[in-house]
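Here's the structure we're looking at; comments come further down.
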Amino acid sequence: MKADALLRRAQPWLGTLVEISCLPEDPLNEAEIMAACDAAFAVCRRIHHAMSPQLPESDISRFNAADAGTEIHCDPWTLRVLQHALRLQDLSGGLFDVALGSSRTPFRITGNNTLEKTAAEARLDLGGIAKGFAVDRMMATLRARGIRSACINAGGDLRVSGPDSWPVYVRGLPDHETATLELQQGSIASSVYENGESPFHHDRLMDPRLGRCSARTVAVSVAAPRCLHADALTKVIALSGDIHHPALAAFNAVAWMH
Amino acid sequence: MRLTFTTASTAALAVLAPVIPVIAQATDYLTVEQAQKLMFPEADRFTTENISFDATRLQAIEKLSGLPPRTAKWQVLVAHKGEQTAGYVVVDNVVGKFELISYAVAINADGSVRQVEVLAYRESHGYEIRLPAWRKQFSGKSIRSPLRVGNDIANISGATLSCNHVTDGVRRIVALVKTAIDSKLLA
């Protein structure tokens, strides 16, 4: 697979660069592939509007600003992400927590796409899962438009599709090794922290058990069929230090530390 | 899902030494022409306006965007549909600590952002590939020829950038286009 055979586009979304690479295949022409990419980037726009903490009108911002007992009408995708988050929280023994330890009962999902805030101090942060979710949804969008072979990379959370393998370089800490591998029909996410802070994004590794940031220096990668699981599980592995954590098996995932 | 770890063979690396392969992403996504057509498919022609802002207008841009204007001279592509102005395209570069990003911003006639496309991305320092000790965590690996760098596909996971510079750049461009329209420097 050579770079000049691919059609590639990138737009800034979700606080990072979201890149789509498509292998052109009959019967699609270039215009159709570009239109499919437009539709995939529209997924990012939707997730940005629903889940970004930087937009005061997003579901997450409105939730965080609300009083206890308030019902917040949400984008169905926000609720879907929260349902995934609950399952991950359960299987990780609480290491994965989108409330970041702010409350043990932060919300209740009621009917009609509504979220009820059940604790005044509850704060939600979907930063540990939203990119992976976006990548999965973007891939589904491309597939629905007939694109069989693609790579979507949202700032290092990536997923590939198609019958062929894609080469992937996985970086750990700066000045450390780069792993090289080939991935087919799966996802990889990586979390890199020096003393609890990402050397590039200024993301902090929040430990929900402590209610504050961890000071660990760790570089973790997780591979899983779905990018949302790979994304979320990097935090579980980074906090536990256990590359054989039982949550991995539940999602057909494998992890390694750099 | 299938995952295979690949590595340079020891013998091949000995031949390469002391040169250590380096991975640095260098990707061209779109040309300006491709980007402007993608962002304004309804346009039937584009014209170029070269704008020079005076000190007063530069202050206005800074006030609107919250950012220093960086330069007084900007080139704005105007998208036309018949007699109407469909919008504007501005191309800019941002240089971060580790990367250089060339991008285009499409602005609607009402001054709102229509679309942002990255044109090119260059990393300014690469990551070395060494014989990784972590491989001992795994059994079963395939031996491949040494990695090429540069134009090959670099799908990279881990330790990548944030987009703050681009976000700031977009905000600056929105402000300068609005200032240009308000000052009648742009139709």
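Quick check on A:Val81: is it open to solvent by less than 20 Å² (accessible area, probe 1.4 Å) and under 30 Å from A:His244 (Cα atoms)? In short, yes.
Return yes when A:Arg104 is assigned to a helix (DSSP H, G or I) and not aliphatic (A, V, I, L, M) and no when it is not. Spell out the reasoning first.
Numbers: assigned to a helix (DSSP H, G or I): no; not aliphatic (A, V, I, L, M): yes.
No; evaluated as a whole, the condition is false for this residue.
Scan A:Ala40, A:Ala68, A:Ala31, A:Ala50 and give me the residue that is loosely packed, with under 14 Cβ neighbours inside 10 Å and assigned to a helix (DSSP H, G or I). Explain how you work it out, then say what you get.
Numbers: A:Ala40 fails: loosely packed, with under 14 Cβ neighbours inside 10 Å; A:Ala68 fails: assigned to a helix (DSSP H, G or I); A:Ala50 fails: loosely packed, with under 14 Cβ neighbours inside 10 Å.
A:Ala31 is the lone residue from the list that is loosely packed, with under 14 Cβ neighbours inside 10 Å and assigned to a helix (DSSP H, G or I).
Suppose the filter is within 14 Å of another protein chain (Cβ to nearest Cβ) and either of a type in the set (A, V, I, L, M) or open to solvent by 40 Å² or more (accessible area, probe 1.4 Å) (or both); does B:Lys73 pass it? Answer is no for this residue.
What residue, of B:Val91, B:Val177, B:Val118, is modelled with pLDDT of 95 or more, facing chain A (nearest Cβ under 9 Å) and within 29 Å of A:Val43 (Cβ to Cβ)?
Working: B:Val91 fails: facing chain A (nearest Cβ under 9 Å); B:Val177 fails: facing chain A (nearest Cβ under 9 Å).
Answer to the selection: B:Val118.
Return yes when B:Pro146 is modelled with pLDDT under 50 and open to solvent by less than 40 Å² (accessible area, probe 1.4 Å) and no when it is not. No: the conditions fail for B:Pro146. Scanning segment B:76-107 for residues that are without any contact (Cβ under 8 Å) to a residue 60 or more places away in the chain and open to solvent by 60 Å² or more (accessible area, probe 1.4 Å) gives B:Lys81, B:Glu83, B:Gln84, B:Asn93, B:Lys97, B:Leu100.
Yes/no matrix, rows are residues, columns are (1) touching a helix residue (DSSP H, G or I) at 6+ places or on another chain (Cβ under 7 Å); (2) among the acidic types (Asp, Glu); (3) surrounded by fewer than 24 Cβ atoms within 10 Å (Cβ to Cβ); (4) more than 7 Å from chain B (Cβ to nearest Cβ):
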| position | (1), (2), (3), (4) |
| --- | --- |
| A:Leu183 | no, no, yes, no |
| A:Val192 | no, no, no, no |
| A:Glu197 | no, yes, yes, yes |
| A:Cys213 | no, no, yes, yes |
| A:Ala223 | yes, no, no, no |
| A:Ala232 | yes, no, no, yes |
| A:Ser240 | no, no, yes, yes |
| A:Ala247 | yes, no, no, yes |
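Considering every residue within segment A:152-162, establish whether at least one is charged (D, E, K, R), free of Cβ contacts under 8 Å to residues at least 12 places away in the same chain and farther than 25 Å from A:Gly94 by Cα. Checked against the condition, which is being charged (D, E, K, R), free of Cβ contacts under 8 Å to residues at least 12 places away in the same chain and farther than 25 Å from A:Gly94 by Cα, segment A:152-162 yields no hits at all.
Taking every residue in segment A:106-133 that is of a type in the set (Val, Ile, Thr) and pairing it with any residue that is part of a loop (DSSP other than H, G, I, E, B), at least 6 positions away or on another chain, the pairs with Cβ-Cβ distances below 7 Å are A:Thr114/A:Cys74; A:Thr118/A:Ala68; A:Thr118/A:Thr105; A:Thr118/A:Pro106; A:Ile129/A:Val98. Among the residues of segment A:129-158, the one identified as closer than 10 Å to A:Asp231 by Cβ and open to solvent by 20 Å² or more (accessible area, probe 1.4 Å) is A:Lys131. Would you confirm whether or not segment A:171-181 contains a residue that is open to solvent by 20 Å² or more (accessible area, probe 1.4 Å) and without any contact (Cβ under 8 Å) to a residue 60 or more places away in the chain? For segment A:171-181, residues open to solvent by 20 Å² or more (accessible area, probe 1.4 Å) and without any contact (Cβ under 8 Å) to a residue 60 or more places away in the chain: present. Taken over segment B:47-67, residues that are surrounded by 13 or more Cβ atoms within 10 Å (Cβ to Cβ) and more than 22 Å from the chain's Cα centre (by Cα) amount to 10.
Looking only at residues in segment B:1-27 that are under 18 Å from the mean Cα position of the chain (by Cα) and more than 8 Å from every other protein chain (Cβ to nearest Cβ), the one that is modelled with the lowest pLDDT is B:Ala24.
What residue, of A:Glu30, A:Glu19, A:Glu57, is within 14 Å of chain B (Cβ to nearest Cβ) and either among the β-branched types (Val, Ile, Thr) or without any contact (Cβ under 8 Å) to a residue 60 or more places away in the chain (or both)?
Working: A:Glu19 fails: either among the β-branched types (Val, Ile, Thr) or without any contact (Cβ under 8 Å) to a residue 60 or more places away in the chain (or both); A:Glu57 fails: within 14 Å of chain B (Cβ to nearest Cβ).
Unique residue meeting the criteria: A:Glu30.
Among the candidates A:Gly241, A:Gly196, the residue that is in contact with a Cys (Cβ under 6 Å, 6 or more places away or on another chain) and over 27 Å from A:Arg137 (Cβ atoms) is uniquely A:Gly196.
The values are calculated or read from the model by the stated rules, or taken from the named source; none is laboratory data. From a predicted model like this one, the values you see are computed outputs, not experimental measurements. All Cβ positions, glycine included, derive from the backbone under ideal geometry; neighbour counts span all protein chains shown. Side chains included, ligands, DNA and RNA excluded: accessible areas come from the protein's heavy atoms. Shrake-Rupley method; radii C 1.70, N 1.55, O 1.52, S 1.80 Å.
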